[in-house]
1. Which ones in region B:39-58 are open to solvent by 50 Å² or more (accessible area, probe 1.4 Å) and either over 22 Å from A:Pro221 (Cα atoms) or of a type outside the set (Lys, Arg) (or both)?
2. Quick one: how many residues across region B:71-96 are free of Cβ contacts under 8 Å to residues at least 24 places away in the same chain and either open to solvent by less than 40 Å² (accessible area, probe 1.4 Å) or not in a loop (DSSP other than H, G, I, E, B) (or both)?
3. Just one of A:Ala12, A:Ala55, A:Ala23, A:Ala48 is part of a helix (DSSP H, G or I) and either touching a residue at least 24 places away in the same chain (Cβ under 8 Å) or among the charged types (D, E, K, R) (or both); which is it?
4. If A:Pro215 satisfies every condition in (1) modelled with pLDDT of 85 or more; (2) farther than 20 Å from A:Lys43 by Cβ; (3) within 11 Å of chain B (Cβ to nearest Cβ) but one, which is the exception?
5. Test B:Gln10 against the stated conditions and say whether it is within 25 Å of A:Ala55 (Cα to Cα) and among the polar types (S, T, N, Q).
6. Please pick out the residue among B:Asp90, B:Asp77, B:Asp5 that is within 22 Å of A:Asp47 (Cβ to Cβ), more than 10 Å from chain A (Cβ to nearest Cβ) and modelled with pLDDT under 90.
7. Filter region A:139-162 down to the residues that are in contact (Cβ under 8 Å) with a residue 24 or more places away in the chain, under 22 Å from B:Cys88 (Cβ atoms) and either of a type in the set (Gly, Ala, Ser) or outside any helix (DSSP H, G or I) (or both) and list them by number.
8. Quick check on my filter: what residues within region A:112-133 are in a loop (DSSP other than H, G, I, E, B), open to solvent by 30 Å² or more (accessible area, probe 1.4 Å) and touching an Asp or Glu at 6+ places or on another chain (Cβ under 9 Å)?
Amino acid sequence: MASQLAYKARIASTSSLEKIFNAQEMIASSRIAKARNVALAAKPYSDAIFDAVQALAQHTHISHPIVRKDEDNPRVAVLALTADRGMAGAYTSSIIRETESLLAKLDDKGKKPELYVYGRRGVTYYKYRGRDVRGTWEGNSDAPGVEVAEEISKALLDAYMKPADEGGVSELYVVFTEFVNMVVQKVRILRMLPVEIVSVESEQAEASGVPEAQPLYTFEPSRDEVLDRVLPKYVQSRIHECLLTSAASETASRQNAMHTATDNARNLIDELTRKLNATRQAAITQELTEIIGSADALNNEKE
Amino acid sequence: MAATDKPTIQVNIVAADRPVWSGTAVQISIPASEGSMGILADHEPVMTATKDGLIKVIQPNGETLGFEVTDGFISFDSNKLTVAVETCKDGVDLNASAE
């Protein structure tokens with residue numbers, strides 16, 4: 001049995017750890033509300049862009065390269081969204097696992113995936129393994145601003161718009177974590193480019209029986225220029241959406257992980273305290289036995 | 001609200017990170033990419049790219065609001081105007097600043 005001092009030292013260090021975990025948990029839960037507000041605030045903009053793209057799609061047959069790319073190019077881009085900091089349970093590792101399986105799948109199909117990583121944890125992971133990464137971004141993974149989304153979408157759109165012989169890519173996949181609720185976060189793979197435009201017109205027509213009259217927009221300065229302007233913004237806002245839901249998931253899984261860690265630390269402290277008490281009691285018993293034994297021996301001597 | 005019989009436009013200004021302003025207006029001027037463009041109620045449906053500049057919103061009570069915006073686009077149909085821009089400063093009362 002270890003000494004009482006050793007137990008006391010372990011209890012002290014475990015309880016200071018417990019305090020840290022508890023603080024981390026509280027920080028995470030206060031950030032979730034913030035992350036949710038940020039995501040809600042960005043929604044009207046992405047809705048406006050989505051509506052505009054829908055209107056454009058209904059009007060015209062879009063043959064913009066963002067929607068369709070007619071070239072035989074095996075290179076594809078994969079963007080993985082990971083966390084900047086650890087202490088978030090399996091958040092980053094499940095993203096990396098999913099990314100690896102996507103890369104393997106693409107390899108099997110004869111494509112040449114190129115990796116882009118956001119988040120310090122993912123960057124360090126791939127750097128350590130010496131993997132070739134085309135582009136990395138770090139910072140603010142728990143509260144990504146528009147600037148980060150702009151930077152990422154610009155780099156990826158540049159890679160996408162480049163012709164194949166200059167190192168361009170033909171598709172873009174994003175691996176991110178969807179925030180379902182506080183307890184459930186799901187890793188999802190999304191094919192971001194080329195953009196798939198689903199027309200809602202047919203559904204509406206079926207529902208009401210009469211096709212709804214769509215406003216006939218005039219485009220200024222020209223349809224193509226408006227498209228040129230709107231489609232990259234659409235991609236950017238989609239990427240921003242992914243970043244935001246990932247950020248909320250990261251905070252939620254950090255909160256969960258820290259909650260479990262706090263519970264574990266408390267259990268450990270309980271167990272250690274019990275052992276400490278047992279050791280102390282054993283020592284007292286031993287001391288008493290010794291005193292009684294020696295007193296007995298003295299009495300025997302007198303007689 | 002003095003002129004209720006006048007047709008008004010539902011305006012919704014959104015920036016990439018937040019909704020900025022929404023309300024009604026009788027007239028709006030927009031820094032379209034081909035030069036400034038004014039929109040009154042019952043304008044034909046239009047979708048336009050915009051450049052950096054100032055959006056002026058004249059409200060039914062005569063107050064004029066100004067929003068400094070960076071590039072984006074607007075869409076207008078059935079008296080609903082949506083302005084989607086990259087960034088936008090909060091509206092300033094142009095009447096007040098002119099006095």
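1. B:Leu40, B:Asp42, B:His43, B:Glu44, B:Asp52, B:Leu54, B:Ile58
2. 2
3. Of A:Ala12, A:Ala55, A:Ala23, A:Ala48, the one residue that is part of a helix (DSSP H, G or I) and either touching a residue at least 24 places away in the same chain (Cβ under 8 Å) or among the charged types (D, E, K, R) (or both) is A:Ala55.
4. Just one mismatch for A:Pro215, condition (1).
5. Answer is yes for this residue.
6. Unique residue meeting the criteria: B:Asp90.
7. A:Asn140, A:Ala143, A:Pro144, A:Ala149, A:Ser153
8. Answer for region A:112-133, where residues must be in a loop (DSSP other than H, G, I, E, B), open to solvent by 30 Å² or more (accessible area, probe 1.4 Å) and touching an Asp or Glu at 6+ places or on another chain (Cβ under 9 Å): just A:Asp132.
The values are calculated or read from the model by the stated rules, or taken from the named source; none is laboratory data. Predicted, not measured: the structure shown is a model, and the values here were computed from it. Don't worry about glycine lacking a Cβ; one is built from the backbone with ideal geometry, like all the others, and counts go over all protein chains shown. These area figures cover heavy atoms from the full protein model, side chains too; ligands, DNA and RNA do not enter into them. Shrake-Rupley method; radii C 1.70, N 1.55, O 1.52, S 1.80 Å.
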